[in-house]
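Below is one structure, written out as structure tokens; comments come after it.
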Amino acid sequence: MRTPRHFRKTSAVVAAGLSGALVLQAVTGQDSPGSAAGGAPGPVSSKAETTALQVSGDGTTASLGKRDTAPFSMLGVTWSDPAARVGGTVEVRTRAAGTGNWSRWLTLDGDSGQGENGAARGGTEPAWVGPSDGVEVRVDGKDAAPLPQGLRLDMVDPGSGEVTALEPAAYTVDETGTPEPTPTEPAPGTPTDPGTGTTPQPDVTVTGTPASETPATPTPAEPTDPEPPVAEPSDSATSPPTASPSPSVSVPAAPPSTAPRPPVTSRATWGADESISPEEPSYLPGERIKAVVVHHTAESNDYTCAQGPAVVRGIYAYHVKQLGWKDLGYNFLVDKCGTVYEGRKGGVDRPVMGAHAYGFNSETTGISVLGTYTSTAPSTAAMTSVARVAAWKLGQYGVSPTGTATLTAGDSGRSYTGRTWAKGDRLTLPAIHGHRDGYNTQCPGDAFYNKLATVRTWAGGPVSGLTLKSVTGGGSSGTTTYTKAGITVNWSATTPAALVAKYELLVDGKAVTTTAGTATSAKATLTAGTHQVAVRAVHQSGTTTTTAAATVVAETTAPTFTTKPNLSLRTGTVNTAAVPLTLKWKATDGAALKEVRLTAPTAKTYGPTVTGANHTARSGAATTWSLTARDQAGNTAGASVAGTPVILQESSATRSGTWTTKSSTSYLGGKSYSSSAKNASLSWTFTGRSVAWVVSRAATSGQAHIYVDGTKAATVDLKSATTKYRDAIWTKTWSSSARHTIKIVVVGTSGRPAVTTDGIVYLK
């Protein structure tokens, strides 16, 4: 509801008129921002200044010209009537301290759409602009109803973490105390400090009504039970209590949750100055959270992770000191780096009543991500933290993050998409929904709103995007993986690891290995045979999802060379250092052959269906050719063959008929024999298993008959369109080494009878 609170305190100055006691705490200074001397957390004081906007005569526009200001990092535009809103456009731009550069125009949401009992002022969402020392504002009502009265710019310096010596710590107040005096606010257009045009406020913000106005009467908003005099309950180590409950206060229980509690940065750690919000927390009337409302704080995403606490302090100061709220409106805040901050006090594990969703505060908890997400999606880290907090809080009350909640409207309203309802209507909304679903605001921005389905799935499970990426340890053929026994299974998932309880490696449907939710791989040892391997992900909610199974064969039988490696001479150009030959083999495997590797005298790898390869070898040198067959499981078998290519020059042949010697460096040994005489012959005798006849060829070359061991084996034509030397034109191979005679006979081909030969090469 927007009704006056029983008690409101906004500054030490106001406290002077209260019937109560101001309690002071001594702080001796701090070594680092947000921590007291010796490293203990301590409060951080904020400063603020306000400047009235100049309103046009027809009341539809307002502005504040460019001007210098005291340092600030957060701002908002506020007005006197907390029930009013700006129907047009509110824009600001700021000058960066130190650089003098002006920002682009930033559009502020004309109504925060939150709602606090007894708020002193209405206002836009606060915008973090970073350290600044200049500002300009323009407000355009766009011919809507006149702008609300008392428009002013509020600028907040959230403090660096240094605390002065005497800070107000809390108030004790009589229930019949003197009403809080209201300072006077200058009317719009009233001249202010000539140097800056602003009214500096070291530790206080003026929240009174301009002298020219009639104070607005707040309209009822959301009905709530009277706030019980409850103090902050104790909490865990990660979120220490901000106050100790008095013996007379009934603090709701902190029920256990079905989801683990994420780390939460306490108010003390981010430097909350508790003296500015001394009132005790309120709790949901039914002490039950039904839904989570997701917000963004709007505007800049340019803050750094280290500035997160300062942004939170700025929002806290704006809500309390500028708008006159009892405390920070959100229950939790999350920065873009995923750090979760305790918002409104009362115990992060209790159903604390926030001021974040007008009309629905009494049944929800609010999480706001620092930044603007109209067109830029929130970071994975931020979304992960929102999902974790939502799962934990909803899990305390048995609400499924992927389900729905039925909420009772505390007042009539309209959503961003135009849905309307009356006070008391029951609305069914997702258990995790955006602020725009329950109020006419863009919050949490289009880009973030479009990600809420993902947040719900992350929070409620099961694990999404689970994929078995690979199974390693051996090799694969088609869809089957082979291994000797050990495997490493790799997977991925789109659900962040922080929301995954564990992964289980399944072999034939049974879990054989369990890993943490941060793992992306696991190992297992398989027995011989064919297995089905899968990965099961267990979400923190207990829901599970399992990948499709992969077929894995475990086997230890080595491949076999069904055809032992063997060598044969082949056609081609012969050099003493490179005699052309062919290495042949055949390997098989009972499961799946992966490859055959040549390991000596050179290294080559061949596929499983390859059974031969061309190589060269040095003449006169014995060479061993070593092969290793490897199957997909990694089992291996080796085999080898040795051979020595030997060149027999033409001069070593037995001759008949007329032969002449020809000399050229292109011939083997520099010489060759040539004959055009029909039936002239040369013969060589050798002991080996393969032979090649080496010749010279040209367009005028003739034919020759070849006899092997006295039997005609072939007639070879030496004619060639191009001149060739040392050409192995004909080869023959036997299964084993033996003594053989090769004889060539000149045919005497008409018109081109010449035959020129270098000799033969045989393999022993």
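The values are calculated or read from the model by the stated rules, or taken from the named source; none is laboratory data. The structure presented is a predicted model; accordingly, all values stated were derived computationally and were not measured. All Cβ positions, even for glycine, are placed from backbone atoms using ideal geometry, and neighbour counts span all protein chains on display. Calculation scope for accessible area: heavy atoms of the full protein, side chains included, ligands and nucleic acids excluded. Shrake-Rupley method; radii C 1.70, N 1.55, O 1.52, S 1.80 Å.
Calculated FRET efficiency, Asp709 and Thr563, Cβ-Cβ r, R0 30 Å, to nearest 0.05?
So, using R0 = 30 Å, E works out to roughly 0.70.
Give, as a single signed number, the net charge of other residues whose beta carbon lies under 13 Å from the beta carbon of Ala578, with Lys and Arg counted +1 and Asp and Glu -1.
So the surrounding residues net to +3.
If the only charges are +1 at each Lys and Arg Cβ and -1 at each Asp and Glu Cβ, what is the size of the charge dipole of the range 475-584 around the Cα centre, to the nearest 20 debye?
Value, rounded to 20: 300 debye.
Work out the length of the dipole vector of the range 416-545 about its Cα centre, built from +1 on the beta-carbon of each Lys and Arg and -1 on the beta-carbon of each Asp and Glu, and round it to the nearest 20 debye.
Once rounded to the nearest 20, the dipole reads 80 debye.
Measure up Lys584/Lys764; Lys678/Lys743; Lys345/Lys423; Lys594/Lys732; Lys564/Lys743; Lys321/Lys345 against 21 Å on the Cα-Cα distance and list the ones that go over.
Listed pairs above 21 Å: Lys345/Lys423; Lys594/Lys732; Lys564/Lys743.
How much of the accessible area of the range 655-764, in percent, comes from carbon and sulfur atoms when a 1.4 Å probe is used?
Within the range 655-764, the accessible surface is 45 percent carbon and sulfur.
Lysine pairs in the range 461-553 with alpha-carbon atoms under 17 Å apart, 8 or more places apart or on different chains: how many are there?
Numbers: Lys469/Lys523; Lys484/Lys523; Lys502/Lys510; Lys502/Lys523; Lys510/Lys523.
Qualifying lysine pairs in the range 461-553: 5.
In the neighborhood of Ser681, defined by Cβ-to-Cβ distances under 11 Å, what is the net charge if each Lys or Arg adds +1 and each Asp or Glu adds -1?
+3
Which whole-angstrom value gives the distance between the alpha carbon centres of the range 391-419 and the range 526-562?
What the calculation gives is 43 Å, centre to centre.
Measure off, as a whole percent, the carbon and sulfur share of the 1.4 Å-probe accessible area of the range 497-604, all protein chains present. Each step should come with its number before you reach the end.
On the way: 2460 of 4920 Å².
The C+S portion of the solvent-accessible surface of the range 497-604 is 50 percent.
Report Rg(Cα)/(2.2 N^0.38 Å) for the range 629-764, keeping two decimals.
Ratio of Cα Rg to 2.2 N^0.38 Å: 1.24.
For the range 589-653 and the range 79-150, what is the centre-to-centre distance using only Cα atoms, to the nearest Å?
About 81 Å separates the Cα centre of the range 589-653 from the one of the range 79-150.
When all protein chains stay in place, what accessible area (Å², nearest 10, 1.4 Å probe) is found for Ser257?
The accessible area comes out at roughly 40 Å².
Can you tally the net charge around Ala738? Count Lys and Arg as +1, Asp and Glu as -1, for every other residue whose Cβ sits under 13 Å from the Cβ of Ala738. Numbers along the way, then the final one.
Working: positive: Arg689, Lys732, Arg739, Lys764; negative: Asp709.
After counting each charged neighbour, the total is +3.
What's the long-distance tail for the range 372-465, i.e. % of Cα pairs beyond 16 Å?
58
Per-residue counts of other Cβ atoms within 10 Å, averaged by peptide: what ranking do you get for 470-480, 64-74, highest first?
Those peptides, ordered most packed to least, come out 64-74, 470-480.
With a 1.4 Å probe and every protein chain left in place, tell me how much accessible area Thr494 has, in Å² to the nearest 10.
So the heavy atoms of Thr494 present about 80 Å² to solvent.
Please find the FRET efficiency linking Ala497 to Arg739, where r is the Cβ-Cβ separation and R0 is fixed at 60 Å, and quote it to the nearest 0.05. Intermediate values should be presented prior to the final figure.
Values: r = 75 Å, r/R0 = 1.25.
Result of the calculation: an efficiency of 0.20.
Send over a whole-number figure in Å² for the accessible area per residue of the range 267-400, probe 1.4 Å.
With all protein chains present, the range 267-400 gives 20 Å² per residue.
Just to make sure I understand: if all protein chains stay in place, what is the order of Thr588, Thr623, Thr658 by accessible area at 1.4 Å, largest first? Kindly include the intermediate steps, with their values, before the conclusion.
On the way: Thr588 55, Thr623 25, Thr658 95 Å².
Solvent-accessible surface, decreasing: Thr658, Thr588, Thr623.
Students often get this wrong: which residues of the range 482-505 have the backbone nitrogen under 15 Å from the point 7 angstrom along Cα-to-C-beta of Lys469?
488-497
With the Cα gyration tensor of the range 314-368 giving a ≥ b ≥ c as the square roots of its eigenvalues, does the rule (a/c under 1.5 for rounded; else a/b larger than b/c for prolate; else oblate) give rounded, prolate or oblate?
In terms of gyration-tensor shape, oblate.
Sequence neighbours fewer than 8 away in the same chain don't count; with that in mind, list the lysines whose C-alpha is under 21 Å from Lys142.
Within reach: none.
Within the range 603-630, whose backbone N sits under 12 Å from a point 7 Å along Cα→Cβ of Val641?
Only 611-615, 625-627 pass the distance filter.
Can you work out the accessible area per residue across the range 683-764, with the rest of the protein chains kept in place, probe 1.4 Å, in square angstrom?
Dividing the accessible area of the range 683-764 by its residue count gives 41 Å².
Any idea how far the Cα center of the range 421-497 sits from the one of the range 708-764, in Å?
The distance from the Cα centre of the range 421-497 to that of the range 708-764 comes to 75 Å.
Once label points are set 7 Å from the Cα along Cα→Cβ at both Thr488 and Cys337, what is their separation, rounded to one decimal in nm?
A separation of 3.2 nm, rounded to one decimal place.
Kindly write out, for the range 89-99 in residue order, the coupling ³J(HN,Hα) from the Karplus curve 6.51 cos²θ - 1.76 cosθ + 1.60 (θ = phi - 60°), rounded to whole Hz, with x marking Gly and Pro.
Running phi through 6.51 cos²θ - 1.76 cosθ + 1.60 with θ = phi - 60° gives 10, 10, 10, 9, 9, 10, 9, 5, 5, x, 10 Hz.
Please list, in order, the residues from the range 559-591 whose amide nitrogen is less than 20 Å from a point placed 7 Å along the Cα→Cβ vector of Thr599.
559-567, 583-590
Per residue, what accessible area does the range 441-505 have, given a 1.4 Å probe and all protein chains present, in Å²?
Spelled out: the 1.4 Å probe surface of the range 441-505, per residue, equals 37 Å².
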